[in-house]
Amino acid sequence: MKVVTIGSFKGGTGKTTLAAVLGTALTQRGIKTRIIELESSTKPLQRFEAVREFADLNSPSVRDIVLSGGQPDVQDWQIAFRQTFADAAREGVELVIIDTISMWKPEVIAAHLLADLVITTVTESPVDLYQIMPSNGPNMQASRPYSQLIDLVRRHAEKANKDNFNWFMCLNRKSHLRTKIGESVRDRLQDFCDETEIQLIEGLVDRVGYRIMMETGITPIDEQEDQPVQRSLLAARTESRRLASQAVASLGMSVLNDQMAFS
């Protein structure tokens, strides 16, 4: 079984949307997928699963993990995750996606340490840069930038001789229009990714189809009968399937539904 962790230390980068789209795309490819949701208060992915079931749409299963008593540390969360993975494997689950929260917390660190593939979501905003990379001078940098977690996970992977570990930096929620700020952020992200040996990939463009899918349960991946197919929907479907293909290739997995495979 493979594990994909979706992370970012800033809210609004599209982690949950990406988890829902990726989970749906992989499920439709014949990969039995489960999503672990760490957002325990609002539980958007469990609501997403419920509305898809109501609409009779095939959906990845969604679970959460709750640890009670004391203050669980990273090791406690690793044990809990491994038990959850073992339970999922017994149910025939082939891939687990962990949708993390935007904080430096033990469960987030544990989710990154246990991943076969990490997908870090980032937008074209300079604020996102300050949350990720260290820099000099006054700015809006977080007290614990995401780069510290990257270093921690890299050291752990090397120590564990984890040679099949991969990392994507996913440029998400992109604007339809090219801007100087967007290009500047992308250039700086590319430099950072080159230094840290992370692959910068294209994510999801800011489209109406993604904004309403958590409410309706319908993703751009879903083909609806008797519904006109708009150009924006086709573009969203293509980019969603492209992301799924990149994840499948990175994990070395095979798919049953080859018709949905896009390079």
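Condition first: over 20 Å from S8 (Cα atoms) and within 16 Å of the chain's Cα centre (by Cα). Now tell me which residues in segment 23-33 satisfy that.
Once the filter is applied, which keeps residues that are over 20 Å from S8 (Cα atoms) and within 16 Å of the chain's Cα centre (by Cα), segment 23-33 yields T24, A25, L26, T27, T33.
Output the number of residues of segment 190-238 satisfying the condition of being outside any loop (DSSP other than H, G, I, E, B), touching a helix residue (DSSP H, G or I) at 6+ places or on another chain (Cβ under 8 Å) and closer than 29 Å to T42 by Cβ.
Selection size over segment 190-238: 13.
Tell me which of these H112 doesn't satisfy, since it passes every other one: (1) in a loop (DSSP other than H, G, I, E, B); (2) touching a residue at least 60 places away in the same chain (Cβ under 8 Å); (3) in contact with a strand residue (DSSP E or B) (Cβ under 8 Å, 6 or more places away or on another chain).
The one condition H112 does not meet is (1).
Would segment 53-60 turn up any residue that is within 19 Å of the chain's Cα centre (by Cα), modelled with pLDDT under 90 and under 24 Å from G217 (Cα atoms)?
Yes.
Restricting to segment 1-27, name every residue that is closer than 19 Å to L113 by Cα, of a type outside the set (K, R) and assigned to a helix (DSSP H, G or I).
A19, the sole residue that qualifies.
Regarding segment 50-69, can at least one residue be identified that is within 30 Å of D187 (Cα to Cα) and not in a loop (DSSP other than H, G, I, E, B)?
No: zero hits.
Cβ-Cβ distance below 7 Å, separation of 6 or more or different chains: which pairs start in segment 41-69 with a residue that is more than 19 Å from L95 (Cα to Cα) and end on one that is in a helix (DSSP H, G or I) and of a type in the set (D, E)?
Cβ pairs passing all conditions: L67/D76.
Return yes when G30 is part of a loop (DSSP other than H, G, I, E, B), at pLDDT 95 or above and farther than 24 Å from M169 by Cβ and no when it is not.
No.
One line per residue, one yes/no per condition, for (1) more than 29 Å from Y130 (Cβ to Cβ); (2) crowded, with 23+ Cβ neighbours inside 10 Å:
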{"residue": "K10", "(1), (2)": "no, no"}
{"residue": "T17", "(1), (2)": "no, yes"}
{"residue": "A20", "(1), (2)": "no, yes"}
{"residue": "T24", "(1), (2)": "yes, yes"}
{"residue": "G30", "(1), (2)": "yes, no"}
{"residue": "T42", "(1), (2)": "no, no"}
{"residue": "A50", "(1), (2)": "yes, no"}
{"residue": "F54", "(1), (2)": "yes, no"}
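Please go through (1) without any contact (Cβ under 8 Å) to a residue 40 or more places away in the chain; (2) out of contact with any Ser or Thr (no Cβ under 7 Å at 6 or more places or on another chain) for E215 and return the number of the only condition it doesn't satisfy.
Result: E215 passes all but (1).
Which one is modelled with the highest pLDDT, of the residues in segment 150-165 that are loosely packed, with under 14 Cβ neighbours inside 10 Å and either of a type outside the set (G, A, S) or on the phi > 0 side of the Ramachandran plot (or both)?
D151
Criterion first (crowded, with 20+ Cβ neighbours inside 10 Å and at pLDDT 95 or above) does T84 satisfy it?
So T84 fails the test.
The values are calculated or read from the model by the stated rules, or taken from the named source; none is laboratory data. Because the structure is a prediction, the values reported are computed rather than measured. Because the Cβ atoms are built from the backbone with ideal geometry, glycine has one as well, and the counts that use them run over all protein chains shown.
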